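**Student:** One structure, as structure tokens, below. Some questions next.
The values are calculated or read from the model by the stated rules, or taken from the named source; none is laboratory data. Note that the coordinates shown come from a computational prediction; the quantities given were computed from them, not determined experimentally. Glycine also receives a Cβ, built like all others from the backbone with ideal geometry; neighbour counts cover every protein chain displayed. All accessible areas refer to the heavy atoms of the entire protein, side chains included, with ligands and DNA or RNA removed. Shrake-Rupley method; radii C 1.70, N 1.55, O 1.52, S 1.80 Å.
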Amino acid sequence: MSEATWKKSSFCGEGESCIHLAAGDRGTIRLTETSDPSGAVLTLAPTTWRAWQEDIRLGRVPDGGETGPDGTLRLRTHPQGPVVTTTTPQWEAFAAGVRAGEFDRLAG
């Protein structure tokens, strides 16, 4: 990960791989998964991040996300953009943090 200040949910276990978020330029949110071998980073516009938060709070996978038959979740913001891959347990830990408001102050 870059020199950004990355934050993971408190629902992720100590030392476990997990989805991490960091504030980006102009209110964007950067998202990565520490166990994703591709090292992909998504950049979500403020409006996209708010829509993702709403979907997560309602128990849905955000637009652009898809679950594979093996339970692997693939997240993207654009059809041809980078893909961040995570597992269902790691997603659930991240989603619990979103529902608890842990990431509300990242966006400007």
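**Student:** Select, from ARG105, ARG57, ARG50, the only residue that is free of Cβ contacts under 8 Å to residues at least 12 places away in the same chain, more than 16 Å from CYS18 (Cβ to Cβ), open to solvent by 40 Å² or more (accessible area, probe 1.4 Å) and out of contact with any Gly (no Cβ under 7 Å at 6 or more places or on another chain).
**Tutor:** On the way: ARG57 fails: free of Cβ contacts under 8 Å to residues at least 12 places away in the same chain; ARG50 fails: free of Cβ contacts under 8 Å to residues at least 12 places away in the same chain.
Only one candidate passes the filter, namely ARG105.
**Student:** Determine which single condition CYS18 fails, assuming it passes every other condition in (1) under 15 Å from THR77 (Cβ atoms); (2) open to solvent by less than 10 Å² (accessible area, probe 1.4 Å).
**Tutor:** (1)
**Student:** So, one more: Of the residues that sit in the range 21-43 and are surrounded by 19 or more Cβ atoms within 10 Å (Cβ to Cβ), farther than 9 Å from ALA4 by Cβ and among the charged types (D, E, K, R), which one is farthest from the chain's Cα centre (by Cα)?
**Tutor:** ASP36
**Student:** Please state which of the following conditions ASP25 fails to meet, knowing it meets all the rest: (1) touching a residue at least 24 places away in the same chain (Cβ under 8 Å); (2) under 21 Å from ARG105 (Cβ atoms).
**Tutor:** It fails just one condition, (1).
**Student:** Residues of the range 86-102 being open to solvent by 20 Å² or more (accessible area, probe 1.4 Å), of a type in the set (Ser, Thr, Tyr) and not in a loop (DSSP other than H, G, I, E, B), which ones?
**Tutor:** If the condition is that a residue be open to solvent by 20 Å² or more (accessible area, probe 1.4 Å), of a type in the set (Ser, Thr, Tyr) and not in a loop (DSSP other than H, G, I, E, B), then THR88 is the only one that fits.
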